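Student: To start, I am sharing the structure in question, which I have written as structure tokens.
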Amino acid sequence: MTDSVPESPSSHPELDAEQEFLDHAYRRLEEAKQEARRLETMVEVGRGGTNQARWEREVINQNIATRLGRLELGRRSLCFGRIDQEPAAGGGTYYIGRVAVSDRDSEPLIVDWRAPVAEPFYRSTGSDPMGLVRRRHFISRGRELIGLEDEFFGEARTHPSVTVNGRELRGEGALVAVLSMARTGRLGDIVGTIQAEQDEIIRAPLAGVLVVQGGPGTGKTVVALHRAAYLLYTHRFPLDGQGVLVIGPNRLFLGYIEQVLPSLGEAGVHLRVLADLVGGVRVRGVDSIQAARIKGDLRMVGVLRRAIRDRQRPLRSDLRVGYGSRILRLSVQQSADIIDEARTRFRHHNPARRFVVDSVFATLVDNHPDDLPLAEVRSGLRRHRDIREALDWMWPVLTPGQLVHDLCGSPSLIASAGGRLAPGERKALYRHWERDGVARRRIWTADDVPLLDEAREMLGRQPRHGIEEDPRTYGHIVIDEAQDLSPMQLRMLTRRSLTGSMTIVGDIAQSTGAWPHQSWDEVLEHLPDRRPPQWRELTVGYRIPAPLMQLASRVLPLAAPELTAPVSVRSDGDPPVVLRCAGSREVLDNVAGAVRAEIALGETGNVAVIAPESLVDVVDAALGSAGIAAGRAPRDNLDSTVTIVPVGLVKGLEVDVSIVVDPGRIVEENPQGYRSLYVALTRSTHKMTVIVASESVPAPLSELLAQAG
């Protein structure tokens, strides 16, 4: 076991010496930045020179910019710990930090947290010290060292370590200090307080699919982002060229996590939502649950394939075209033969258009008894209206947008392509298309995106449209909140995987979308299977205080009875406040009162008012009438002191104070109602108020709230 000895700033005898060392390391960091900037000024940037020289200048400048980006810490601390190895085994002392820093003789002052020598800082335990005699944690405020915490191993230990759920906590004092800090509206890194179970995930092998199941507050999102940074460090080649993609559920979430990877020195990772992976798509609309279900079903692959086949049609009557004094003919049967041969020869629709055009002109010439020059006939008739209409009927050039727009906007096309769907499914697939009155563009939904991507894959490149880029593939893909993705969405992401290497994270208990998966096996069915998947589970809750987690744990049996709630590290904290209201007016008054009370305390970091979708506008108006300035997600991210967040967008976020409005209505309005409520009840890191409208509380929930009251 280990002995954890936190020292106050004034009592630790080595505090001043460690501060002096850190000051030296900071000076060397600044010198490294200056050296990089000098290199930048030495690179010729004027005009002239060969293409090779200009390319070399661009590469050098890019490398310098990348180097400077990795050395820029902002207000973050450079170093957060030190390890002392066994002297008898020839070990030394290493300081662990965000980036590697060397002295003028190239000897390491700070080692990168991702380096192999740093692994014992995160993984050593009392039972397996990994060659350490001491691990020291730095508690810093910017460049100022304000505290030290030592953990001793082996004979030097005097007290047992703290364990939670069978896991030894590393650097308990530093960890609690970080967890107690107010939120900023942006997710921060945990590089200084990574725990052993988290580090096992971060440093897991690259190849294959890694599944990470983690309940609320276990840090699965931030662990996945640290894993992306670790993989880029460890596998710089080939991942630097192949790219790393992080997929989030919505743009509010991307804004929330966007600072984590740059804080770890990795600014080149692609943060995207699914719609970003398909060019020219503007997602504005929202599908019904029924429409989202059918659009996410793998049967849509067959529907799209038949929809394309329906556009590959023989002529309805023989084609007769005048050419001078001659009449050229193409029979219905010949057009059908051309269609059949094109289908046989070509895998994709659009590339076959040239073959169809060539075959039509060749048949027109062959059908005439005169020896006509094919090139001249083609040149003379290529703009003929009847020819163009015939070709567009037989084999039109299609864009993904045209195909999906036409299909979903026509009951007859849906009936033809979707004959194997149930009548209710065909009805849900139909949508009366509208246009954005400003941009005059089609309005797509998030569930249309995988259909557009599938259509692009089937149609292939359009002829005479220049060079079209194939979808970008990536060497590693991180998928957050993967439990909510439909089979079609997962298929779309598998198409983007270059090597089959993925990290998928989420919580089955928080599966609240139109496709609520009951197990990770259902998700894995649609992901690359080149290697057996790896499985990890995060069992310790670091973010949510135990009193708040206890209330959420009572809802979990209704949301996902097969799962166990994480064990909270933080046993302290205020219990949740449950306010019962007689009517909607009293609900709104209590919301305003709860927000005003938090602001008056002057201790509030950020407050999220989590409301069902139907109450968002009403709550917004009520706060405005009460004179309370509030932001609104996703428009304002979490940048305001008070933000109104629809329950459908709150997943993955963390706030200091949450005010959950009308849990009964949350349950009623969402298809996975108790799971949505479970998500809402697990967002706060400090305090939570639940405002209940008594008339809308289901019986099971009423009993749970009575226990918490």
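The values are calculated or read from the model by the stated rules, or taken from the named source; none is laboratory data. On a predicted model such as this, the values are computed, not experimentally measured, just so you know. So basically every Cβ, Gly included, is an ideal-geometry build from the backbone, and we count neighbours across all protein chains shown.
Student: Does ASP448 satisfy being modelled with pLDDT of 90 or more and touching a Cys at 6+ places or on another chain (Cβ under 9 Å)?
Tutor: Judged against the criteria, ASP448 is a match.
Student: Please work out if LEU132 is of a type outside the set (Lys, Arg) and farther than 30 Å from VAL164 by Cα.
Tutor: Spelling it out, it is not the case that LEU132 is of a type outside the set (Lys, Arg) and farther than 30 Å from VAL164 by Cα.
Student: Another one. Return the only residue of ARG170, ARG141, ARG251, ARG227 being crowded, with 22+ Cβ neighbours inside 10 Å, of a type in the set (Lys, Arg) and at pLDDT below 95.
Tutor: Going through ARG170, ARG141, ARG251, ARG227 in turn, the sole match is ARG170.
Student: Just to be sure, is SER658 of a type in the set (Gly, Ala, Ser) and touching a helix residue (DSSP H, G or I) at 6+ places or on another chain (Cβ under 6 Å)?
Tutor: For SER658, the condition - of a type in the set (Gly, Ala, Ser) and touching a helix residue (DSSP H, G or I) at 6+ places or on another chain (Cβ under 6 Å) - is not met.
Student: Also, I was wondering about something else. In the set SER519, SER553, which member is among the small types (Gly, Ala, Ser), free of Cβ contacts under 8 Å to residues at least 40 places away in the same chain, more than 14 Å from HIS686 (Cα to Cα) and buried (at least 16 other Cβ atoms within 10 Å of the Cβ)?
Tutor: Result of the check over SER519, SER553: SER553.
Student: Among the strands (runs of 3 or more DSSP E) lying completely within the stretch 228-311, list those that include at least 1 residues that are within 30 Å of ASN350 (Cβ to Cβ) and β-branched (Val, Ile, Thr).
Tutor: 244-247, 283-285
Student: Determine if the stretch 349-364 includes at least one residue that is of a type outside the set (S, T, N, Q) and loosely packed, with under 13 Cβ neighbours inside 10 Å.
Tutor: no
Student: Condition test on VAL244, is it buried (at least 16 other Cβ atoms within 10 Å of the Cβ), touching a His at 6+ places or on another chain (Cβ under 9 Å) and at pLDDT 95 or above?
Tutor: So VAL244 fits the description; yes.
Student: Restricting the search to the stretch 493-517, which residues are among the small types (Gly, Ala, Ser) and not in a loop (DSSP other than H, G, I, E, B)?
Tutor: Hits for the stretch 493-517 are SER497, GLY506, ALA509.
Student: Additional query: Say we look at the stretch 546-572 and pick out the residues that are of a type in the set (D, E, K, R) and out of contact with any helix residue (DSSP H, G or I) (no Cβ under 7 Å at 6 or more places or on another chain); which of these is nearest to TYR678 (Cα to Cα)?
Tutor: Looking at residues that are of a type in the set (D, E, K, R) and out of contact with any helix residue (DSSP H, G or I) (no Cβ under 7 Å at 6 or more places or on another chain), I get GLU562.
Student: Anything in the stretch 238-259 that is among the aliphatic types (A, V, I, L, M) and over 14 Å from GLU654 (Cα atoms)? List them, or say none.
Tutor: Selection gives LEU239, VAL244, LEU245, VAL246, ILE247.
Residue-wise test of (1) in the same structural domain as ARG596 (by TED's automatic domain parsing); (2) surrounded by 16 or more Cβ atoms within 10 Å (Cβ to Cβ); (3) assigned to a loop (DSSP other than H, G, I, E, B).
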{"residue": "LEU623", "(1), (2), (3)": "yes, yes, no"}
{"residue": "ILE659", "(1), (2), (3)": "yes, yes, no"}
{"residue": "GLY664", "(1), (2), (3)": "yes, yes, no"}
{"residue": "GLU668", "(1), (2), (3)": "yes, no, no"}
{"residue": "PRO671", "(1), (2), (3)": "yes, no, yes"}
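Student: Further question: If I filter the stretch 501-517 for residues that are at pLDDT 90 or above, more than 25 Å from LEU649 (Cβ to Cβ) and of a type outside the set (A, V, I, L, M), do I get at least one hit?
Tutor: yes
Student: When the residues of the stretch 380-404 are filtered to those that are outside any helix (DSSP H, G or I) and under 28 Å from GLY279 (Cβ atoms), which remaining residue is nearest to the chain's Cα centre (by Cα)?
Tutor: For the stretch 380-404, the residue satisfying everything is THR399.
Student: Could you check the stretch 367-379 and list, in sequence order, the residues that are surrounded by 13 or more Cβ atoms within 10 Å (Cβ to Cβ), assigned to a helix (DSSP H, G or I) and not β-branched (Val, Ile, Thr)?
Tutor: LEU374, ARG378
Student: State the number of residues belonging to the stretch 271-288 that are more than 25 Å from ALA228 (Cα to Cα), crowded, with 19+ Cβ neighbours inside 10 Å, of a type outside the set (Asp, Glu) and in contact with a Lys or Arg (Cβ under 7 Å, 6 or more places away or on another chain).
Tutor: 0
Student: Related question: Given the options LEU490, LEU548, LEU451, LEU527, name the one that is part of a helix (DSSP H, G or I) and within 19 Å of the chain's Cα centre (by Cα).
Tutor: The match here is LEU490.
Student: Here's another thing I want to ask about it. Which residue is surrounded by the most Cβ atoms within 10 Å (Cβ to Cβ), if the candidates are limited to the stretch 469-500 and must be within 23 Å of PHE237 (Cα to Cα), modelled with pLDDT of 95 or more and charged (D, E, K, R)?
Tutor: Ranking the candidates gives ARG496 first.
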